[in-house]
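The values are calculated or read from the model by the stated rules, or taken from the named source; none is laboratory data. This structure is a prediction, so every number in the text was calculated from the model and none was measured. Please note: Cβ atoms are built from the backbone with ideal geometry, for glycine as well, and neighbour counts cover all protein chains shown. For accessibility, only protein heavy atoms count, side chains too; no ligands or nucleic acids. Shrake-Rupley method; radii C 1.70, N 1.55, O 1.52, S 1.80 Å.
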Amino acid sequence: MNETSPAVTGAAAPPTTPEQLLARLAELAITHRTVSHPPVFTVEESKALRGELPGGHVKNLFLRDKKGSMWLVVAEEDRRIDLKALAQRIGAGKVSFASPDRLMRHLGVVPGAVTPLGLINDRDHEVRVVIDAGLLAHDPVNVHPLTNDRTTALSPKDLLRFIEACGHRPEIIDLGG
């Protein structure tokens, strides 16, 4: 091991790049289609720019509670989410949005690029994953591949398989009711 490796310096490993992520999808034999577009930061911007990308589109919430536990909530883009009710359903205390620093540290992405594919960077499996059951009714599901200037479409089955390959067991909840 050389002196600049993360293990020697105590620094975290650099986050996975979009290209490395797409290579990992290929290694897992996950069929996907990725398109490039101008960067988008909100659901509204995404709707305006995506054109005719079929399937379900996501809204991702990266949350934490007062104890420092973290959740990634992956929902249908138009789903209204009451954070207080959600916290009760997932057994958390009061939740709030996690900081950009925590987002980068755990998912390797910046605000606007939050994605379930970021779980590839949660190597210590500290993030709990909650998926809206309604989202899984869409095929394909469209997510960012670690950057908000691209969209990757994959089947809901393959999205779940990828999350599990990252060492996470998603909790699937009907967030519509």
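The table that follows gives values for the structure above.
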read-out	value
Members of the stretch 104-113 found to be within 13 Å of Pro18 (Cα to Cα) and touching a residue at least 40 places away in the same chain (Cβ under 8 Å), listed by number	Leu107, Gly108, Val109
Tally of residues being aliphatic (A, V, I, L, M), in contact (Cβ under 8 Å) with a residue 60 or more places away in the chain and open to solvent by less than 30 Å² (accessible area, probe 1.4 Å) across the stretch 146-173	4
Any chance Gly176 is out of contact with any helix residue (DSSP H, G or I) (no Cβ under 6 Å at 6 or more places or on another chain) and surrounded by fewer than 21 Cβ atoms within 10 Å (Cβ to Cβ)	no
Lone qualifier among Leu22, Leu119 - being at pLDDT 85 or above and either buried (at least 20 other Cβ atoms within 10 Å of the Cβ) or among the aromatic types (Phe, Trp, Tyr) (or both)	Leu119
Residue count for the stretch 128-140, restricted to those that are in contact (Cβ under 8 Å) with a residue 60 or more places away in the chain and crowded, with 23+ Cβ neighbours inside 10 Å	1
Flag for Val143 being under 15 Å from His57 (Cα atoms) and open to solvent by less than 20 Å² (accessible area, probe 1.4 Å)	yes
Within the stretch 128-177, tally of residues that are acidic (Asp, Glu), under 24 Å from Arg80 (Cα atoms) and in a loop (DSSP other than H, G, I, E, B)	2
Verdict on His37 being at pLDDT 90 or above, under 12 Å from Asn142 (Cβ atoms) and either open to solvent by less than 80 Å² (accessible area, probe 1.4 Å) or more than 17 Å from the chain's Cα centre (by Cα) (or both)	no
